[in-house]
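Visitor: Pasting in a structure now, in structure tokens, and then I'll have a few things to ask.
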Amino acid sequence: MEFSLSNALVVAKDAAVRAGRILDEMLLTASVREKGPKDLVTDADIAAQKEIESVLLTAFPDHVFIGEESGLELGAHGLADEPSTREEGPWTWVVDPLDGTANYVHRLPNFAVSIALVRGDTVWIGVVYDPISRELFSAVRGEGADLNGAAIRASGCHRMEDAMVAVSFPPEVHRDSPEVEQFLNVLEQSQSIRRLGSAALNLCYVAAGRLDAYWANRLKPWDVAAGALIVEEAGAVLSNLCGDQTTIWRGEYLAVASLELQQLMIQALGT
Ligand code: IPD
Ligand code: CA
Ligand code: CA
């Protein structure tokens, strides 16, 4: 297929919906194993990734594919070469076939397929699909974000006492992990706090105004690549936990509905 962002968006949405169908079909039968302490993977993760890779690379054979289940080791900047040389690098699909595997294993309805098209540090397309609610979030850089075809916007919330906030913890967390103290601080100051279990959906929920803020300390590029573009295109503010610019290759993320709330969240997190 001839490459254009609009063609790539159509293909990415098709891949996400096909993978979602596989997740749905395997929900009651998928076998589970631990790939690290408390870090689960199922044969549905693998089957969904295979489908996505096949759809994307059949359409665009010269593109690079990075999926969570490819077993790729990421360096400090995500890929082996230096960030400055990567902007002219290949079009790269960054894919999490199942974000929220722990929820999936327990049949809790909060998991999604996440597909992004990236070049260097720039995300150009983001698609996140929740096969249970059949919600398809998507964005193309510079063109806004939508949910099932209708435009979405972040809430604009600017007060901690009005804010519904979510956090992601890494699979293994200890009582002295930074997230725990941050959690207690935000718990005291915000209206309420949630740990929903899918980083990709958390970002989309900030984009759709369902959440007002979301933070995480240790995410992987495939957790955030698609959601990062969707949330920015919906008008939210995205940064690291100090308010500085971030990229999908770093682990820290703060997505908030307004600049005022960003400052309040940074103070509350104590970073
Ligand atoms: C996980 C989810 C979770 C976050 C973890 C991720 P996975 O991804 O995004 O919300 O807390 O850090 O690893 O393993 O379900 O794809
Ligand atoms: Ca993930
Ligand atoms: Ca995953």
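The values are calculated or read from the model by the stated rules, or taken from the named source; none is laboratory data. These numbers come from a predicted model, not from an experiment. Note that we place each Cβ from the backbone using ideal geometry, even for glycine, and neighbour counts take in every protein chain shown. Note: accessible area is taken over every heavy atom of the protein model, side chains too, but ligands, DNA and RNA are not part of it. Shrake-Rupley method; radii C 1.70, N 1.55, O 1.52, S 1.80 Å.
Visitor: If you rank 247, 29, 42 by how much accessible surface each has, with a 1.4 Å probe, what is the order from largest down?
Guide: From most accessible down to least: 29, 247, 42.
Visitor: Can you pull the percent of the stretch 160-269's accessible area that's carbon plus sulfur, 1.4 Å probe, other chains left in place?
Guide: Within the stretch 160-269, the accessible surface is 44 percent carbon and sulfur.
Visitor: Hey, if we sort 169, 137 by accessible area with the 1.4 Å probe, largest down, what's the order?
Guide: Sorted descending by solvent-accessible area, the residues read 169, 137.
Visitor: In debye, nearest 20, what is the charge dipole magnitude of the stretch 5-151 about its Cα centre with +1 on Lys and Arg Cβ and -1 on Asp and Glu Cβ, if you could check?
Guide: In total the dipole reaches around 380 debye.
Visitor: Å³ per residue of the Cα convex hull, for the chain?
Guide: 118
Visitor: OK, next. Using only Cα atoms, tell me the angle between helix 178-189 and the longest principal axis of the chain; keep it within 0 to 90° and round to the nearest 10.
Guide: It works out to around 60 degrees.
Visitor: Same structure, new question: Taking every pair of distinct Cα atoms and averaging 1/r, then inverting, what Kirkwood hydrodynamic radius in Å comes out for the stretch 160-269?
Guide: 13.4
Visitor: Measuring with a 1.4 Å probe in the full set of protein chains, what accessible area per residue, in whole Å², belongs to the chain?
Guide: Using a 1.4 Å probe on heavy atoms only, each residue of the chain averages 44 Å².
Visitor: So how much accessible area does residue 157 have, in Å² to the nearest 10, using a 1.4 Å probe?
Guide: 20
Visitor: In what sequence, largest accessible area first, do 13, 50, 35 appear using a 1.4 Å probe?
Guide: Descending order: 50, 35, 13.
Visitor: Could you state the angle between the C-alpha long axis of helix 5-26 and the longest principal axis of the C-alpha atoms of the chain, as a value from 0 to 90 degrees rounded to the nearest 10?
Guide: Its long axis makes an angle of about 80 degrees.
Visitor: For a quick check: with amide H placed at 1.01 Å from N, whose amide H comes under 5 Å from residue 209's, ignoring anything fewer than 5 positions away on the same chain?
Guide: 155
Visitor: Also, I was wondering about something else. Would you tell me the accessible area of residue 210, worked out with a 1.4 angstrom probe on the heavy atoms of the protein chains, in Å² to the nearest 10?
Guide: 100
Visitor: With unit charges on the beta carbon (Lys/Arg positive, Asp/Glu negative), name the residue among 247, 217, 41 whose Cα is farthest towards the positive pole of the charge dipole of the chain.
Guide: Going by the charge dipole, the pick is 41.
Visitor: Also, quick follow-up: Give a residue-ordered list of calculated ³J(HN,Hα) values for the stretch 259-269 (Karplus: 6.51 cos²θ - 1.76 cosθ + 1.60, θ = phi - 60°; whole Hz; x for Gly, Pro).
Guide: Working through the residues one at a time gives 5, 4, 5, 4, 4, 5, 5, 4, 4, 5, 5 Hz.
Visitor: Toward the positive end of the charge dipole of the chain, about the Cα centre and with charges on Cβ (Lys, Arg +1; Asp, Glu -1), which of 164, 203, 154 goes farthest?
Guide: Going by the charge dipole, the pick is 164.
Visitor: On a 0 to 90° scale, report how tilted helix 43-59 is relative to the longest principal axis of the chain, with both axes built from alpha carbons and the result rounded to the nearest 10.
Guide: 60
Visitor: Turning to a different aspect of this structure: Residue 155: accessible area at probe 1.4 Å, nearest 10 Å²?
Guide: It works out to around 60 Å².
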